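Colleague: Dropping a structure here in structure tokens format, bear with me for questions.
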Amino acid sequence: MSAFRVGFGYDVHQLKDGAAFWLGGIQVPHEKGATGHSDADVVIHVICDALLGAANLRDIGYHFSDQDPQYKGIDSKLLLKQVMDLLKKNGYQLGNLDVTLCLQLPKINPYIPEMKACLAEVMNVSESQISIKATTTERLGFVGREEGVSAYCVALIHP
């Protein structure tokens, strides 16, 4: 059996006028932002789910319930740090992760280097282990109508 493990994450958040827009640990200026129980950072949430899944440690909702008031409005970077601590406690470390962010606007490319730097610092890994890409849905669906944002992540971990 291979010592490498792969996990997958998917998340969606609704967009609202005037809300702060946190993506990959940084605040991105835009007239709309994501809403949720925490800071609604869809990038960090999919990373957490992919890492937890790879380690067979359930999912982000299991560890950080949206029914628990201590997580109301929490900075998702704190959740990611706890997930990394869980991985380490269970004998795993990150190989790499690959995130695809689905968003019509704003254009994300200019913010990717800052996101990678932020995430690498929080996770205590090299930026070269983190890939972030962005795409639109060509104005189709809830993403295309700018009603929401979604993201996917695949993570590779190993002992």
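Colleague: Helix-derived [θ] at 222 nm for the chain: sum -39500 (n - 2.57) over DSSP H runs of at least 4, divide by residue count, nearest 500?
Modeller: Calculated from helices alone, the mean residue ellipticity at 222 nm is -8500 deg cm²/dmol.
Colleague: Okay, next question. Kindly count the pairs of lysines across the chain whose alpha carbons are less than 14 Å apart, treating pairs on different chains or eight or more residues apart as eligible.
Modeller: For the chain, qualifying lysine pairs total 6.
Colleague: Which log10 I(q)/I(0) values, to two decimals, does the chain give at q = 0.11, 0.14 Å⁻¹ under the Debye formula with one point per Cα?
Modeller: -0.40, -0.64
Colleague: Given +1 on the Cβ of Lys and Arg, -1 on the Cβ of Asp and Glu, and no further charges, what dipole in debye does the stretch 29-109 carry about its Cα centre, rounded to the nearest 20?
Modeller: With Lys and Arg at +1 and Asp and Glu at -1, about 180 debye.
Colleague: On full extension of the chain, what length is gained from LYS88 through ARG58, given 0.36 nm per residue of separation minus the C-alpha to C-alpha distance?
Modeller: Value of the extension gain: 9.2 nm.
Colleague: Can I ask one more? Given Cβ point charges of +1 (Lys, Arg) and -1 (Asp, Glu) and nothing else, what value in debye, to the nearest 20, does the dipole of the stretch 63-136 about its Cα centre take?
Modeller: With Lys and Arg at +1 and Asp and Glu at -1, about 60 debye.
Colleague: Further question: Just name one of ASN90, ILE47, LEU119: the one whose Cα is farthest towards the positive end of the charge dipole of the stretch 13-159 (beta-carbon charges, Lys/Arg +1, Asp/Glu -1).
Modeller: After comparing all options, I get ASN90.
Colleague: I'd like to know which of ILE108, GLY73, ILE132 lies farthest towards the positive end of the charge dipole of the chain, counting +1 on Cβ of Lys and Arg and -1 on Cβ of Asp and Glu.
Modeller: My answer, from the dipole projection, is ILE132.
Colleague: Let me ask you something else. Charges only on Cβ, +1 for Lys and Arg, -1 for Asp and Glu: so what's the dipole of the chain about the Cα centre, in debye to the nearest 20?
Modeller: The dipole magnitude comes to about 280 debye.
Colleague: Under the rule that an exposed site lies in a DSSP loop and has at most 15 other Cβ atoms within 10 Å, name the longest stretch of the chain with no trypsin sites (Lys or Arg not before Pro) of that kind, not counting the sites themselves. Display every interim value, and only then the final one.
Modeller: On the way: sites that count: ARG58, LYS72, LYS107, ARG139, ARG145.
In the chain, the maximal stretch lacking such sites is 1-57.
Rule-based calculations on the coordinates, nothing more; no lab input. None of the values given here were measured: they were computed from a predicted structure. Cβ sites come from the backbone with ideal geometry, for glycine too, and all protein chains shown count toward neighbours.
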